Amino acid sequence: MDEKLRILLCEDDENLGMLLREYLQAKGYSAELCPDGEAGYKAFLKNKYDLCVLDVMMPKKDGFTLAQEIRQANAEIPIIFLTAKTLKEDILEGFKIGADDYITKPFSMEELTFRIEAILRRVRGKRNKESNIYKIGRFTFDTQKQILAIDGKQTKLTTKESELLGLLCAHANEILQRDFALKTIWIDDNYFNARSMDVYITKLRKHLKEDDSIEIINIHGKGYKLITPEVE
């Protein structure tokens, strides 16, 4: 693979974790190993990943809880659970949370990489089919051209405005986590970047004010939510 895909690997078994990381790196992936769920969530907010591999039974924060928090920040990133549990209820719980796959221990390294590759192919195919254009209420938003249009009137957005509106559209009627937006667009979630994002939110509200059915609201302590009757 030309550009290394980044994998967040959370496994509390040190020996297994190191073995998995080395194997994935040998297969051309960039894999970051975290020993528990808390460390995994901090790493997820700090970096960009293409896929998460999470052990279910971990100290400080289990894999199910970690997956729920990751899903709140990013509804699209693929998640694979690793577990010794074989109970139907546990497997169903994993898929209910939003797992893309579920591998029970023991498993072969080849099986893991096969499943990772299969999921990534599916995700790439889905993204390739997706349009660069969002329909937001009466607005049309072209993410590639950075143009927001309504009733024949076009507004050229700045790069930051376009990136932020794109994230809001991807999480329409859901909470866009503040930390995730900062890390995704500004890379660093420091005070000055946070204030800058607030300014861009204000600008986007002005751009969208011509449609009363659309609203960007603050979710105290969490982030923002784009309220809209329609996003296509």
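All of the numbers you see were taken from the coordinates with simple rules; none came from a lab. It should be emphasised that the depicted structure is a prediction, and the values quoted were computed from it without experimental measurement. Cβ: placed from backbone, ideal geometry, glycine included. Neighbour counts: every protein chain shown.
Rank-order 140-149, 191-200, 167-176 by packing density, defined as the average count of other C-beta atoms within 10 Å over each peptide's residues, highest first.
Working: 140-149: 16.7, 191-200: 13.3, 167-176: 18.5.
With the highest mean Cβ count within 10 Å placed first, the list reads 167-176, 140-149, 191-200.
In whole Hz and in residue order, list the ³J(HN,Hα) couplings for the range 157-173 that follow from phi through the Karplus curve 6.51 cos²θ - 1.76 cosθ + 1.60, θ = phi - 60°; x for Gly and Pro.
So the J values, rounded to whole Hz, are 8, 6, 4, 5, 4, 5, 5, 5, 5, x, 5, 4, 5, 5, 10, 3, 6.
Out of residues 5 or more away from D13 or on other chains, whose amide H comes under 5 Å of its own, with H placed 1.01 Å from N in the peptide plane?
Amide H neighbours of D13: none.
Counting only Cα atoms, I'd like the Rg/Rh figure for the chain, Kirkwood definition for Rh. Working shown, then result.
Details: Rg = 19.4 Å, Rh = 19.2 Å.
For the chain, the value is 1.01.
With each label point set 7 Å from Cα along the Cα-Cβ vector, what nm distance links R205 and N173?
Those two pseudo-labels are separated by 2.3 nm.
Do you know the relative contact order of the range 99-232, to the nearest whole percent, from alpha carbon pairs under 8 angstrom that are 6+ apart? All intermediate terms of the calculation are to be shown ahead of the outcome.
Values: 153 pairs, mean separation 32.0, N = 134.
In percent, rounded to a whole number, it is 24.
Multiplying the sequence separation of S30 and A75 by 0.36 nm and subtracting their Cα-Cα distance, what value in nm do you get? Please report the intermediate quantities before stating the final value.
Working: separation 45, 0.36 × 45 = 16.20 nm, distance 2.16 nm.
Stretched out fully, the S30 to A75 stretch lengthens by 14.0 nm.
Please list, in order along the range 93-102, the HN-Hα scalar couplings obtained from phi with the Karplus expression 6.51 cos²θ - 1.76 cosθ + 1.60 (θ = phi - 60°), rounded to whole Hz, x for Gly and Pro.
Each residue's phi maps through the Karplus curve to give 4, x, 5, 5, 5, x, 5, 8, 7, 8 Hz.
Per DSSP helix of 4 or more residues, -39500 (n - 2.57); summed, then divided by the residues of the chain. What does that give at 222 nm, rounded to the nearest 500? Spell out each step's value before the answer.
Working: 8 runs with 99 residues, N = 232.
Mean residue ellipticity at 222 nm (helix-derived): -13500 deg cm²/dmol.
Let me know the Rg and Dmax you get for the range 135-232 when you use only its Cα atoms, in Å.
Calculated on Cα positions, Rg and Dmax stand at 12.7, 39 Å.
Regarding the range 6-129, what is the average projected area of its C-alpha convex hull, in nm²? Could the numbers behind the result be given before it?
Working: hull surface 28.6 nm².
Hull-based average projected area comes out at 7.1 nm².
How about the range 39-122: which GluC sites (Glu not before Pro) there are in a DSSP loop, with at most 14 other Cβ atoms within 10 Å of their Cβ? Let's see the in-between values first.
On the way: sites: E69, E76, E89, E93, E110, E111, E117; in loops: E76.
Hits after loop and neighbour filter: E76.
Which pairs break 22 Å Cα to Cα here: K135/K206; K135/K203; K183/K222; K105/K183; K183/K203?
On the way: K135/K206 18 Å; K135/K203 19 Å; K183/K222 14 Å; K105/K183 33 Å; K183/K203 20 Å.
Checking Cα-Cα distances, K105/K183 exceed 22 Å.
If you take the charge dipole of the chain about its Cα centre, with +1 on Lys and Arg Cβ and -1 on Asp and Glu Cβ, which of T104, M197, P35 is farthest toward its positive end?
M197
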